[in-house]
Amino acid sequence: MIGQLLAWILLVILVGWCAFPLSFRFFGRLADRGYALVKALGLLIWGYIFWLLASFGVLPNTPGSILLSLIMVFGLSVLSLRGERFSEFKDWLRGNINRMITVEIIYIVAFGFWAYIRATSPEISGTEKPMEMAFINAILRSESFPPHDPWLSGYAISYYYFGYVMIAMITKLLHTDPGVAFNLASALWFGLTAVSAYGIGSNLMEAWRDHQQRKTGQRHPAWAGLGGFLTAFFILVVSNIEGLFEMLHARGIFWRQLPDGTWSSSFWSWIDLQELTDPPVPPFSWTPERMTGIWWWRASRVLQDFDAAGQSKEIIDEFPFFSYYLADLHPHVLAMPFALLAIAFTLNLFLGGWKLDMTGAPMIKWVKAWWRGTTIRLDEIAFLRWLRQPEFWLGALIFGGLAFLNTWDFPIYVALFGATLIFLSYRENGWSLQLVGLFLRVCIGIGVTGALMYLPFYLGFASQAGGIIPSIHFFTRGIHLWIMFLPLLVPVLFWFIWRLRNGTPIEMNPGIRVAGYIMFGLWLLSYIFGF
């Protein structure tokens, strides 16, 4: 078992090294050149090449094909280091040994720690684990892609199964027992998320330090390691405060016994968390208890919506620590490191890593001209200019992959990318209504390109979703927002207090104004959709 653990750890390190030259080329504005993200980047590119070639029947689903796909990743990396970039790459390696060792230690410790946690309860039973195990086994046994549906003979999986392809690739290449691989995958994804979050936090801190030094001419401490550690800690470990309420409830705090022997509490009625509205059972203690024994489950069901008739509707509001503790390999878990990769790609853009050529005519003008019998030169079309930039294709690969990993992540991070581009344009040229059209063109352009790159997935995919129109029948209480996000908002509050105590001016008005516009726009849009 230890040997399989070490094999998984080392293989993913190797995958990261195969992809690092690509990261070095495309994440040039990050202080670590994307080194903390290379494992996620390598898995994405490796999985994409293998899945695409297997989907078109070029390669069979065999260990040899999986290894060949990894060699192709290495080949792309070698090509990216042509010319003077290879010397720059070697110089960077010599000057950043400590940085790389730190990243690998974080990855190995996080992986090993969660492997130990899973070893204490390795059963693959309950919740959605049997379904996810079935998907992995179906991919392992399919001769080509799309993989067979494990429930309906003769049909293919109609699900966003890209994460399971990556797990199956490692499982098949290392000849790991699927049951063992399921738990190792949970530990691997915990390690990938930890190290990717560390990379974003440390790069943000180093970018802030460089900005302050340019602004003031004085040297500022980086605190990059601390920033990276806190980023990983807040993403993976910090949870909501429902657990605190569980302890208060179990202790009988805010409850009073009436003369007839019943217990009453206006506080717990106001909080209105399911099961906590029922009185605790004496003798009271600080240890929460449930008849089922899984009192911690309620923390993932904090939100409680009510329909127009006042009937409660359960809402799932998981957070990373709960998801990993539950150990379901659900798509929203498998997408986490790749969502962080999308954020890092956007951060590199924000820091000036590359400049998307946003000049030129929109595609619709070319269509109108063609319809009228006139012509516009193709090299004047903005979208075709985008396609000539390798960074645009990498972005399409990353964002399109999110749709294949966990579909609802796709629009969120495409919008983040588009908003970043528009902000950079606003900072350079000021505000104009043309930015709205440009935002839509950028999002549609990279979104459509990303979808086309994963076209075989969409050809066999049928969603159960009934549309995107929001519901206006359910309403969430504000107190539940604070229960969910208070641990994340407290550091922000302390930061504001620190800035005020040190006499540092805070430019709040522009931010409040923009936030107000966004909130009002979303509120108005929801009611327009409701109509």
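The values are calculated or read from the model by the stated rules, or taken from the named source; none is laboratory data. It should be emphasised that the depicted structure is a prediction, and the values quoted were computed from it without experimental measurement. Cβ atoms come from the backbone with ideal geometry, glycine included; neighbour counts cover every protein chain shown. What goes into the accessible areas is simple: the full protein's heavy atoms, side chains included, and nothing from ligands, DNA or RNA. Shrake-Rupley method; radii C 1.70, N 1.55, O 1.52, S 1.80 Å.
What are the residues in the stretch 223-257 that are at pLDDT below 90 and not in a helix (DSSP H, G or I), if any?
If the condition is that a residue be at pLDDT below 90 and not in a helix (DSSP H, G or I), then Trp223, Gln257 are the ones that fit.
Return the pairs, sorted by first residue and then second, in which the second residue is among the acidic types (Asp, Glu) and part of a helix (DSSP H, G or I), the first residue lies in the stretch 320-331 and is closer than 18 Å to Met131 by Cα and open to solvent by less than 10 Å² (accessible area, probe 1.4 Å), the beta carbons are less than 7 Å apart, and the residues are 6+ apart or on different chains.
Leu329/Glu132
Only one of (1) of a type outside the set (A, V, I, L, M); (2) open to solvent by 30 Å² or more (accessible area, probe 1.4 Å); (3) under 25 Å from the mean Cα position of the chain (by Cα) is not met by Asp177, so which one is it?
Every listed condition holds for Asp177 apart from (3).
Mind checking whether some residue in the stretch 212-226 is buried (at least 19 other Cβ atoms within 10 Å of the Cβ), under 26 Å from Met336 (Cα atoms) and touching a residue at least 12 places away in the same chain (Cβ under 8 Å)?
Scanning the stretch 212-226 turns up at least one residue that is buried (at least 19 other Cβ atoms within 10 Å of the Cβ), under 26 Å from Met336 (Cα atoms) and touching a residue at least 12 places away in the same chain (Cβ under 8 Å).
If the requirement is being of a type in the set (A, V, I, L, M, F, W, C), at pLDDT below 75 and open to solvent by 50 Å² or more (accessible area, probe 1.4 Å), which of these qualifies: Ile469, Ile528?
The conditions single out Ile469.
Taking helices (runs of 4 or more DSSP H) that fall entirely within the stretch 27-143, which contain at least 3 residues that are aliphatic (A, V, I, L, M) and in contact with a Phe, Trp or Tyr (Cβ under 8 Å, 6 or more places away or on another chain)?
38-55, 63-80, 97-119, 129-141
Yes or no, residue by residue, for (1) modelled with pLDDT of 90 or more; (2) open to solvent by 80 Å² or more (accessible area, probe 1.4 Å); (3) in a helix (DSSP H, G or I); (4) out of contact with any Phe, Trp or Tyr (no Cβ under 6 Å at 6 or more places or on another chain):
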site	(1), (2), (3), (4)
Thr375	no, yes, no, yes
Leu394	yes, no, yes, no
Leu397	yes, no, yes, yes
Leu402	yes, no, yes, no
Ile412	yes, yes, yes, yes
Ile422	no, no, yes, no
Tyr426	no, yes, yes, yes
Trp431	no, yes, no, yes
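Of everything in the stretch 268-297, what is surrounded by 13 or more Cβ atoms within 10 Å (Cβ to Cβ) and assigned to a helix (DSSP H, G or I)? Give them in sequence order.
Of everything in the stretch 268-297, those that are surrounded by 13 or more Cβ atoms within 10 Å (Cβ to Cβ) and assigned to a helix (DSSP H, G or I) turn out to be Trp268, Ile271, Trp295, Trp296, Trp297.
Residues that are open to solvent by 30 Å² or more (accessible area, probe 1.4 Å), in contact with a Leu (Cβ under 9 Å, 6 or more places away or on another chain), within 25 Å of Ile117 (Cα to Cα) and of a type in the set (A, V, I, L, M): does the stretch 300-319 have at least one?
Yes, that holds for at least one residue.
If only one of Ala415, Ala419 is within 27 Å of Trp46 (Cα to Cα) and either of a type in the set (Gly, Ala, Ser) or out of contact with any helix residue (DSSP H, G or I) (no Cβ under 9 Å at 6 or more places or on another chain) (or both), which one is it?
Answer to the check: Ala415.
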